[in-house]
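Structure, as structure tokens:
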Amino acid sequence: MFYGFSYIIPSIMHQKLPKEIDPFRLAQTGLKLDGELPLATMPRLTKSLQNDEGVVNVKMAFDMDEIGTPYMRGNFIASVSVICERCMEPMMLDLDVDCLLAMVSSERKVEGLAEQYDPWILENNDPVLLSSVVEDELILSLPLVPRHEEVCLPDEAWSVGDDENELIEVDKPASPFAVLETLKTKH
Ligand SMILES: [Zn+2]
């Protein structure tokens, strides 16, 4: 196998990613893509997030395997902001998704795929939005219930209303200085 040209391109070199791609053709030419996509181009993903700020680092390698199956090996990295379901505070989530997708022209052909692949069903020859395949994989990688890994305090429970704060104050032993203050104001 001849790696040639793509082998000498440093992997840190970022390209401007094409908006639309023809995956079958890219597999035939063995194209590699490396670049960034704004999260703002992925509305189905960002509706589960706190905001659409940031970028996804996208690496894709298209090729054909030894039995002629066209595939795309992808790696997508992004830091996204979500709400922790335990403390209801925002938290950053680091997503790092690896995928190996085989392109098939119909659902019937999915069964014949080698088991290392997930299917990428492309039923017509229309160009595909590059961002949509990245978006699909990132959505699949989101945890169902995002939570801080460390034990996070339920901050909200302590600041719901003034009443609760007062209760907490009462339970605390009064500091000697606070007692002094009340004595002073009485004179
Ligand atoms: Zn939390």
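The values are calculated or read from the model by the stated rules, or taken from the named source; none is laboratory data. Small disclaimer: the values here were computed from a predicted structure and weren't measured. All Cβ positions, glycine included, derive from the backbone under ideal geometry; neighbour counts span all protein chains shown.
One residue stands out among those in the range 79-106 that are touching a Pro at 6+ places or on another chain (Cβ under 8 Å) and more than 16 Å from the ligand (Cβ to nearest atom): the one that is nearest to S141 (Cα to Cα), which is L101.
Look at the range 77-96: where a residue is touching a residue at least 24 places away in the same chain (Cβ under 8 Å) and within 15 Å of E150 (Cα to Cα) and a partner is in a strand (DSSP E or B) and away from the ligand (no atom under 15 Å from the Cβ), sitting 6+ places away or on another chain with Cβ atoms under 6 Å, you get L93/V80. The single condition among (1) modelled with pLDDT of 95 or more; (2) out of contact with any strand residue (DSSP E or B) (no Cβ under 9 Å at 6 or more places or on another chain) that L130 does not satisfy is (2).
What do you reckon, is V58 over 26 Å from L144 (Cα atoms), touching an Asp or Glu at 6+ places or on another chain (Cβ under 7 Å) and touching a residue at least 60 places away in the same chain (Cβ under 8 Å)? Spelling it out, it is not the case that V58 is over 26 Å from L144 (Cα atoms), touching an Asp or Glu at 6+ places or on another chain (Cβ under 7 Å) and touching a residue at least 60 places away in the same chain (Cβ under 8 Å). The one condition from (1) away from the ligand (no atom under 16 Å from the Cβ); (2) assigned to a strand (DSSP E or B); (3) surrounded by 13 or more Cβ atoms within 10 Å (Cβ to Cβ) that V134 does not meet is (2).
Of the residues A40, A61, the single one that is more than 16 Å from the ligand (Cβ to nearest atom), surrounded by fewer than 16 Cβ atoms within 10 Å (Cβ to Cβ) and modelled with pLDDT of 95 or more is A40. Within the range 107-131, restricting attention to residues that are in contact with a Leu (Cβ under 7 Å, 6 or more places away or on another chain) and within 18 Å of T41 (Cβ to Cβ), the residue that is farthest from the ligand (Cβ to nearest atom) is V128. Might you check whether a residue that is closer than 24 Å to K47 by Cα, loosely packed, with under 10 Cβ neighbours inside 10 Å, within 16 Å of the ligand (Cβ to nearest atom) and modelled with pLDDT of 85 or more occurs anywhere in the range 147-168? Within the range 147-168 (the criterion being closer than 24 Å to K47 by Cα, loosely packed, with under 10 Cβ neighbours inside 10 Å, within 16 Å of the ligand (Cβ to nearest atom) and modelled with pLDDT of 85 or more), the answer is yes, since at least one residue qualifies. Taking the stated definitions as given, is P146 in contact with a helix residue (DSSP H, G or I) (Cβ under 6 Å, 6 or more places away or on another chain), more than 17 Å from E20 (Cα to Cα) and not in a helix (DSSP H, G or I)? When the stated conditions are applied, P146 does not pass them.
Applying the criterion of being closer than 14 Å to V134 by Cβ and not small (G, A, S) to the residues of the range 64-78, the residue that is nearest to the ligand (Cβ to nearest atom) is I77.
The single condition among (1) modelled with pLDDT under 95; (2) touching a strand residue (DSSP E or B) at 6+ places or on another chain (Cβ under 6 Å) that A27 does not meet is (1).
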